[in-house]
Amino acid sequence: MTDKTFVFGHTNPDTDSIASAISMANLQTQIGENAQGYRLGNLNQETKYALDTFNVEEPELLSKLDENSKVIMVDNNEFSQSVSGIENAHLQMVVDHHRLNLSTIEPVYCIAEPVGCTSTIMYKLYKQEDVTITPKMAGIMLSAIISDTLMFQSPTCTPQDRITAEKLSKIAGIDLYNYGYKLLEAGTNVSDYTADEIINIDSKDFMYNKLKISISQINSSNIDEVFKRKAELETAIQKKIEKENIDLFIFLVTDILEADSKVIVLGNRVDIFERAFNIKLISNTTLLKGVVSRKKQVLPALIESINQKIQF
Ligand code: MG
Ligand code: MG
Ligand code: MG
């Protein structure tokens, strides 16, 4: 047996990050490799609900990689959103659906597709390797697609994601929509979280043009309920900005039924955000109609806004 390959997604893991780490490790194991799936942080309520429903064990926490470890990255290819030590790892493979921001020393097997979910790509890899998808595995892969596409409402969703989700729901033996809304709803309960925890549930950092931008997102079925804690959330965001030298912090509260997002935006470069969406923030906030995707709607608009400014 060769030494173990570590399989993991991004920090502040979401359901896809966990599901694709588990399903990739399982696929590798099925084809005779020694691989294990890990999590790079605490699981959110939605992911816990998915694992509980399909009786899948929570992956072990990985907080640091030893030098020369063999690695497969799923649902992420940015080192800034990965584990400490990733720079010195032997990257074997990347399977992802985000923008590419990767530079490697060795050749790497890289599958990047602009679909709504890494688990949609994983489904195709199972077919390619002729490995059976068990009901358990189908259940968590399906959960990831529902989560990432916000039940097919996100502009990141493609027909492939929808078709794959339907196939997976049959294998898992569950009603797609009935389960899907329960899953999304499970992720919206943040009443037990502190403000600091809330802003870190699903936060991602991006470096662009020497600017540090953090985009954090939670789902909600009652935005007003979350905004009752606005003052507290702003204090937590302000603290994080100062501690981590963040230029722009965007906190999105995404309405899972309306598919809109209300935001809190702070930092010394809120001008980038205002230009990107052609709005003026009032008390650090605004409603973004139809905006639900960080990777496809928020981040590209910010990058464009930064680039515009550079040209002038
Ligand atoms: Mg993810
Ligand atoms: Mg994903
Ligand atoms: Mg996400």
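The values are calculated or read from the model by the stated rules, or taken from the named source; none is laboratory data. Note that the structure is predicted; figures quoted are calculated from it, not measured. Cβ sites come from the backbone with ideal geometry, for glycine too, and all protein chains shown count toward neighbours.
In this structure, does Ile72 turn out to be within 16 Å of ligand 3 (Cβ to nearest atom) and not assigned by TED's automatic domain parsing to the domain that holds Lys204? No: the conditions fail for Ile72.
State yes or no: is Asp196 touching a residue at least 40 places away in the same chain (Cβ under 8 Å) and closer than 18 Å to Ser147 by Cα? When the stated conditions are applied, Asp196 does not pass them.
A quick yes/no check of all residues on (1) loosely packed, with under 13 Cβ neighbours inside 10 Å; (2) charged (D, E, K, R); (3) at pLDDT 95 or above; (4) in a helix (DSSP H, G or I):
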position: Glu274; (1), (2), (3), (4): no, yes, yes, yes
position: Thr286; (1), (2), (3), (4): no, no, yes, no
position: Val292; (1), (2), (3), (4): no, no, yes, no
position: Ala301; (1), (2), (3), (4): no, no, yes, yes
position: Ile306; (1), (2), (3), (4): no, no, yes, yes
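When you go through Leu40, Leu61, Leu51 one by one, which is the residue that is free of Cβ contacts under 8 Å to residues at least 24 places away in the same chain and among the aliphatic types (A, V, I, L, M)? Going through Leu40, Leu61, Leu51 in turn, just one is free of Cβ contacts under 8 Å to residues at least 24 places away in the same chain and among the aliphatic types (A, V, I, L, M): Leu61. Checked against (1) under 17 Å from Tyr126 (Cα atoms); (2) away from ligand 3 (no atom under 16 Å from the Cβ); (3) surrounded by 20 or more Cβ atoms within 10 Å (Cβ to Cβ), Tyr38 meets all criteria but (1).
With respect to Ser143, is the statement that it is buried (at least 16 other Cβ atoms within 10 Å of the Cβ), touching a Leu at 6+ places or on another chain (Cβ under 7 Å) and within 25 Å of Asn77 (Cα to Cα) true? Spelling it out, Ser143 is indeed buried (at least 16 other Cβ atoms within 10 Å of the Cβ), touching a Leu at 6+ places or on another chain (Cβ under 7 Å) and within 25 Å of Asn77 (Cα to Cα).
Counting only strands (runs of 3 or more DSSP E) wholly contained in segment 1-116, the ones carrying 1 or more residues that are touching a helix residue (DSSP H, G or I) at 6+ places or on another chain (Cβ under 7 Å), under 17 Å from Leu142 (Cα atoms) and within 14 Å of ligand 2 (Cβ to nearest atom) occupy 70-74, 90-96. Being within 16 Å of Gln297 (Cβ to Cβ) and over 21 Å from the mean Cα position of the chain (by Cα) is the requirement here; does Ala276 meet it? For Ala276, the condition - within 16 Å of Gln297 (Cβ to Cβ) and over 21 Å from the mean Cα position of the chain (by Cα) - is met. Residues in segment 202-233 that are touching a helix residue (DSSP H, G or I) at 6+ places or on another chain (Cβ under 9 Å) and acidic (Asp, Glu): Asp202, Asp205, Glu232.
Do we have Leu252 as within 25 Å of Tyr177 (Cβ to Cβ) and hydrophobic (A, V, I, L, M, F, W, C) here? First the steps, then the outcome.
Values: within 25 Å of Tyr177 (Cβ to Cβ): yes; hydrophobic (A, V, I, L, M, F, W, C): yes.
Yes, satisfied.
Once segment 165-220 is narrowed to residues that are among the small types (Gly, Ala, Ser) and in contact with a Leu (Cβ under 8 Å, 6 or more places away or on another chain), the residue that is farthest from ligand 1 (Cβ to nearest atom) is Ala195.
Take Thr2 and decide whether it is farther than 12 Å from Asp202 by Cβ, more than 10 Å from ligand 1 (Cβ to nearest atom) and modelled with pLDDT under 95. Give the derivation first.
Values: farther than 12 Å from Asp202 by Cβ: yes; more than 10 Å from ligand 1 (Cβ to nearest atom): yes; modelled with pLDDT under 95: yes.
Answer is yes for this residue.
Quick one: is Gln92 closer than 21 Å to Thr5 by Cα and not assigned by TED's automatic domain parsing to the domain that holds Leu257? So Gln92 fits the description; yes.
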